Amino acid sequence: MTNLRRLDLNLLVTLDVLLSEHNVTRAAERLHYSQPSVSVHLARLREIFDDPLLLPGPRGMRPTARAESLRGPLRDALAALELAVAPEHPFDPAVATDTWRIGATDYSESTVLLPALAGLRQAAPGTRVAVVEMVPANLVRQAEHGDIDLAFHTTEGSPASLHRLPLFTEHYVLVGRAGHPRLKRKPTLAQFCALEHVIVSPDGGGFFGVTDEALAAAGLSRCVALSVPHFLYVAAVVASTDLVAMLPARLVADNPALQVMDAPIDVPGYEMSMLWHERVHRDPAHQWLRQAIVASLPAA
């Protein structure tokens, strides 16, 4: 009990942020403290734990073994404390003023967020939604730090440390402009490969995707004439040229400018999920937001 009596909550909060940031300056910014104050906290923590905790490294500070052993239990303890002292009251969307930060691609903006917006504005007119760029490699960090409250990602490849709720299963369809002269009927596999295609390459500049993998397995290849980073631009290109594309079906549903049909080759689809961090899992406002989004999804 001696060490516990020597600790206070501010020190533990500082340690938690330092173990996340590995940098005194960034920790001070997150805590809204001065850098000297954080340094004083770190010195006090080193004295209490009789350990350096964080040592200088080539890219900021690196935690000692003792600090690593503290990371998980400390985060859990602070989360439990936050839950214990949080006011208990039901969430009322009619008077709420929350700002939700949602990580999404242009695809999930159109297929998940857009159907939900009208209902959100009607039920919770005082709330705000900020859509931010979702970087899959930084997803866990963004969620941990509160940079995002919610994200949409394919189930495959979703971080195991985040809560996940599958939303729907998506499949690919062949898309061309309405009246495309070479899409009056479903093309043969040879005709499909001879068409000029546009492909979405999220990382930029790629000319090979899941369709090409399926074709390669059959010993075939297609003509990919254009590579772009965003789905919505593909729809615009296809609608105004003779280029065609393999696109997710939900993205092109009910678009009179486009002709949509099954492709002559099976291309694996994917499952879309909603992701969130443990820090907001039990938050009444966040629970309401998740339920509202699920309820707004159109039928497959």
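Just one of the listed residues (Ser110, Ser37) is touching a helix residue (DSSP H, G or I) at 6+ places or on another chain (Cβ under 9 Å), at pLDDT 90 or above and closer than 30 Å to Ala130 by Cα, and it is Ser110.
On the given criteria, is Val228 outside the structural domain of Arg250 (by the TED database), open to solvent by less than 50 Å² (accessible area, probe 1.4 Å) and β-branched (Val, Ile, Thr)? In short, no. Of the residues examined, Leu70 is one that is open to solvent by less than 90 Å² (accessible area, probe 1.4 Å), in a helix (DSSP H, G or I) and within 22 Å of Asn10 (Cβ to Cβ).
From the list Val294, Val238, pick out the single residue that is open to solvent by less than 20 Å² (accessible area, probe 1.4 Å) and modelled with pLDDT of 95 or more. Only one candidate qualifies: Val238. Scoring Ala104 on the criteria (1) without any contact (Cβ under 8 Å) to a residue 60 or more places away in the chain; (2) outside the structural domain of Ala137 (by the TED database); (3) surrounded by 11 or more Cβ atoms within 10 Å (Cβ to Cβ); (4) not aromatic (Phe, Trp, Tyr) leaves a single failure, condition (2).
The numbered conditions (1) under 30 Å from Pro166 (Cβ atoms); (2) crowded, with 18+ Cβ neighbours inside 10 Å are all true for Arg121 except (2).
Among the residues of region 69-81, the one identified as touching a residue at least 60 places away in the same chain (Cβ under 8 Å), out of contact with any helix residue (DSSP H, G or I) (no Cβ under 7 Å at 6 or more places or on another chain) and of a type outside the set (Gly, Ala, Ser) is Leu81. Any chance region 259-266 includes a residue that's open to solvent by 60 Å² or more (accessible area, probe 1.4 Å) and within 29 Å of Gly72 (Cβ to Cβ)? Taking every residue of region 259-266 in turn, none turns out to be open to solvent by 60 Å² or more (accessible area, probe 1.4 Å) and within 29 Å of Gly72 (Cβ to Cβ). Taken as a whole, the structure leaves Leu54 outside the set of residues that are surrounded by 13 or more Cβ atoms within 10 Å (Cβ to Cβ), within 18 Å of Leu9 (Cβ to Cβ) and in contact (Cβ under 8 Å) with a residue 24 or more places away in the chain. What are the residues in region 179-190 that are in contact (Cβ under 8 Å) with a residue 24 or more places away in the chain and open to solvent by less than 100 Å² (accessible area, probe 1.4 Å), if any? Within region 179-190, Gly179, His180, Pro181, Leu183, Pro187, Thr188, Leu189 qualify. With the structure loaded, tell me whether Asp92 is in a loop (DSSP other than H, G, I, E, B) and open to solvent by 30 Å² or more (accessible area, probe 1.4 Å) or whether it fails that test. Taking the combined requirement at face value, the residue satisfies it.
Restricted to region 192-206, and to residues there that are in contact with a strand residue (DSSP E or B) (Cβ under 7 Å, 6 or more places away or on another chain), assigned to a loop (DSSP other than H, G, I, E, B) and modelled with pLDDT under 95, the residue that is nearest to Val267 (Cα to Cα) is Ser201. Of the residues examined, Gly119 is not one that is outside any strand (DSSP E or B) and without any contact (Cβ under 8 Å) to a residue 60 or more places away in the chain. Please verify whether Leu78 is of a type outside the set (Asp, Glu), within 32 Å of the chain's Cα centre (by Cα), at pLDDT below 90 and under 19 Å from Ala28 (Cβ atoms), treating the condition exactly as stated. When the stated conditions are applied, Leu78 passes them. When Val140 is tested against (1) open to solvent by 30 Å² or more (accessible area, probe 1.4 Å); (2) touching an Asp or Glu at 6+ places or on another chain (Cβ under 7 Å), just one condition goes unmet, and that condition is (2).
The values are calculated or read from the model by the stated rules, or taken from the named source; none is laboratory data. Computed from a prediction, not measured in an experiment: that's the story for all the values here. Neighbour counts run over all protein chains shown; Cβ positions are idealised from the backbone, glycine included. Ligands, DNA and RNA are stripped out before the accessible areas are found, and what is left, the full protein with its side chains, is counted by its heavy atoms. Shrake-Rupley method; radii C 1.70, N 1.55, O 1.52, S 1.80 Å.
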